[in-house]
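Bear in mind that the values in this text are calculations on the coordinates, not laboratory data. Not measured: the values here are computed from a predicted model. Positions of Cβ are generated from backbone atoms using ideal geometry, with glycine treated the same way; all protein chains shown enter the neighbour counts.
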Amino acid sequence: MIKKMKKIFFGLLGTLLLGSSTVFNANAEIINSPPPQAATKAVVDYLTGRFNPTKHKAFVKVPSRYASRSGFYLRKEAFESFKKMHEAARKDGVKLVIRSATRNFDYQKGIWERKWHAQKKSRSAKNKALNILQLSSMPSTSRHHWGTEVDLNSFSNSWFEHDQGLKLFRWMENNAANYGFHRPYTKKDNTRPYGYNEEKWHWSYTPLSIAMTRDAAKVLTDSKITGFSGSKTAVEIGVVEKYILGVHESCR
Ligand SMILES: [Zn+2]
């Protein structure tokens, strides 16, 4: 087990440093070269979104015909598979539209702080954070940092319950797994008691993101979640355990 975790950890590191095609391709030179602290820092920086996807060689820009606007980025492997899925869906009369993809720390911080400052002043810091966490991630804890996540078509669960939206959702449920995409934020139940509410639009490219989730379990702690208004509540809430790891079993 430890051996396996080590392989995944260094596999991700190899990917970050070399931009190799899969997280599972560990590179012997990389394993032996950086001191362990630097290696951990590189993984923490990646997982917490402290990089610029427009400059990262493992990322690719999503052409606007796949998305609601231009300027989205994804990990190359995730986008290659998305393109195949998009084409298969198109043949079945379903149009997949990316509404959001990679969001780095700074971007997420912008979303978070806007919502933070809109909260009632009388609320405790913890309650402000819990309120925002119903739908938005704390900077550093979003799966959207990783380049493996897409939000599709609509940010409303109810859109996916009728007509076109229902057709799309059913198509994804029947086919997305063939392309490596799964839903981390399913309805909360005994198997997923914590974390964000259900998001029918959010899909994760698990051939990469499962390894990243396991790396997050290994290297991220609540006290490393810093650098924005209300970040101290991360420890009190237990965001790593409850939110980062509070995903459907297909994604961990
Ligand atoms: Zn999302």
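Of the beta bridges in the chain, as assigned by DSSP with both residues counted there, near 90 percent are antiparallel. Taking other Cβ atoms within 10 Å as a rough exposure proxy, Y205, Y73 sort from fewest to most as Y73, Y205. Here the residues I210, I244, ranked from fewest to most Cβ neighbours within 10 Å of their Cβ, fall in the order I210, I244. Note: the range 106-252, Cα convex hull, 117 Å³ per residue.
The lysines within cross-link reach of K128, meaning a Cα-to-Cα straight distance under 22 Å and a gap of 8 or more places when in the same chain, are K109, K115, K120, K188, K224, K232, K242. Treating r as the C-beta distance of D189 and N52 and R0 as 51 Å, the FRET efficiency rounds to 0.85. Which of T226, G71, G93 sits closest to the plus end of the dipole of the chain, meaning its Cα is farthest towards the positive end, when Lys and Arg get +1 and Asp and Glu get -1 on the C-beta? Ranked along the dipole, the leading option is T226.
Amide H to amide H, with H built 1.01 Å from N, L152 comes under 5 Å of R99, H202, W203, counting only residues 5 or more places away or on other chains.
Using the rule -39500 (n - 2.57) for each DSSP H run of four or more residues, divided by the residues of the chain, the 222 nm mean residue ellipticity is -12500 deg cm²/dmol. Among 178-187, 88-97, sorting by the average number of other beta carbon atoms lying within 10 angstrom of each residue, highest first, gives 178-187, 88-97.
Going from the residue with the fewest nearby Cβ atoms within 10 Å to the one with the most, E173, E198, E149 rank E173, E198, E149. Taking a straight Cα-Cα cut-off under 23 Å and skipping sequence neighbours fewer than 8 places away in the same chain, the lysines within cross-link reach of K83 are K55, K57, K61, K91, K95, K167, K200. Under a model in which nothing but the beta-carbon of Lys, Arg (+1) and Asp, Glu (-1) is charged, the range 2-251 shows a dipole of about 400 debye around its Cα centre. What is the log10 of I(q)/I(0) for the chain, computed with the Debye formula using one identical point scatterer on each Cα and no solvent, at q = 0.08, 0.11 Å⁻¹? Each listed q maps to, in turn, -0.31, -0.59.
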